[in-house]
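I have placed the structure first, in the form of structure tokens, so that the comments after it can refer back to it.
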Amino acid sequence: MVRDSRGFGSWALGGVLAVASAACSAQSTEGAGGQSGGMGSSAAGGSKAGPAGGSVTIGGSGETGGASSGSGAAPGNQNSGGTGGVSMQPQNAGMGGLVLNFGGDYGGPPNPNICVPKLIGQVRDFNSALSGSNPHPDFEAYVGTGITQELVMPLLGADGAPVYADPQPLGGVQLTTLTYFRYWYSTNHPANAVFELDLDNPPPSAGLSKTVEPTGATTYQSTAFFPIDGQGTQAQDQVYTDGQVAHNYHFTFELNVKFIFRPGQVISFSGDDDLWVFIDKTLAVDVGGVHSQETGQVSLDTLGLTAGKEYNLSFFYAERRAPSSTFKLTSNLTFSNCERIFR
């Protein structure tokens, strides 16, 4: 663990949220003979523009499958979009864990002004409370029997991070002090203990699989989520294993995105440990505390949002204790940010 200016250490991430929006992957290619259909996408496929009046084909590979979009007035079906449409074949999910679904519309004319959303967050690495080097007392310190809600305030702070609730909820203690909690998502974390995590291009150690459903939903999941194994200050911490392999179990993950609200959208989380989702700076999903796999979800229809309006979504996760790290996030949101969003 590396010390920061306050003599405190590093952090890390334990979950992944990945998004694929069909609507955002549609683009157009024009040739002399007319306009081709919108571009489909797959987790592993490349794109190829056809000749004049031709079609655009996205080729998947191996287990990911592919998607293609026809040109002209080609009708849509399971494997091809309609005119300017987009479709994706589902991909087999790997082992359980993180699941994310992001929906988009199939068919319709291509829109060259829509981008592919960037789902890139930050992992902050920490040492455990038992570390001989710069320990953090909130990690590898508590044992929970279930979800502990109201550990944080219902609104994000002025800095865009969760705020420690004072007083803390009655029952089992899950956090030490306000001062130590501020380190979890601090923008002043030591540079050698902060890592970017692209949910659409995660490292192998994250164990993340992706499934694109015919409905337009995308699923990311992992039952062994260790996105910064072998990095940061893990070598300075005590050794923690899953019974066989040493992993980095002590980190937080922050992801900030934008989305367009449409009726019927839902977001849910299942995993360990803490997870808070804020929509329009207001707490919407509260799965706080150290615990085994637990689930929380919200229907966005209950939040008083305006259809067609763009909103901010902030996702805060923490992996705090061995011997497991699971993460499952499911959503049919249509994400709209063309660039990564860091505080």
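Each value in this text was obtained by applying a stated rule to the coordinates, not by laboratory testing. Since the structure is predicted, the reported quantities are computational estimates derived from the model, not experimental observations. Ideal geometry is used to build each Cβ from the backbone, glycine not excepted, and the neighbour counts take in all protein chains shown.
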**Fill in**
Given backbone amide H placed at 1.01 Å from N, residues whose amide H is under 5 Å from that of Ala284, ignoring those fewer than 5 places away on the same chain, are Val277, Phe278, Ile279
**Fill in**
With the label point 7 Å along the Cα-to-beta-carbon line of Ala235 and a cut-off under 16 Å to each amide N, the hits in the range 171-211 are 192-194
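Determine, for each peptide in 293-301, 151-159, 206-214, the mean count of other beta carbons within 10 angstrom over its residues, then list the peptides with the highest first.
Values: 293-301: 16.8, 151-159: 15.0, 206-214: 22.9.
Result, highest mean Cβ count within 10 Å first: 206-214, 293-301, 151-159.
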**Complete:** When the charge dipole of the range 120-335 is computed with +1 on Lys and Arg Cβ and -1 on Asp and Glu Cβ about the Cα centre, the Cα farthest towards its positive end, among Val285, Ser133, Ala191, belongs to Val285
**For the range 176-186, Karplus couplings with θ = phi - 60° (6.51, -1.76, 1.60), whole Hz, Gly/Pro x** = 7, 9, 4, 4, 6, 5, 4, 5, 3, 10, 5
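Using the Cβ atoms and a cut-off under 12 Å, what net charge is assigned to the surroundings of Leu313, where Lys and Arg are +1 and Asp and Glu are -1? Before the final figure, lay out the partial values.
Details: positive: Lys258, Lys281; negative: Glu254, Asp280, Glu310.
Here the count lands on -1.
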**Prompt:** So what's the net charge close to Gly232: Lys and Arg +1, Asp and Glu -1, counting the other residues with Cβ under 12 Å from its Cβ?
**Reply:** -2
**Item:** Cut-off under 5 Å, modelled amide H: who pairs with Val152 long-range
**Value:** Ala165
**Fill in**
For Ile267, the residues 5 or more places away or on another chain with a placed amide H closer than 5 Å to its own amide H are Val298, Leu300
**Asked** For the pair Ala307 and Thr179, what calculated FRET efficiency results from E = 1/(1 + (r/R0)^6), where r is the Cβ-Cβ distance and R0 = 56 Å, to the nearest 0.05?
**Response** 0.85
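Based on a Kirkwood Rh over C-alpha pairs, give the Stokes-Einstein translational diffusion coefficient of the range 120-335 at 37 °C and viscosity 0.692 mPa s in µm²/s. Display every interim value, and only then the final one.
On the way: Rh = 17.7 Å.
Translational diffusion coefficient: 185 µm²/s.
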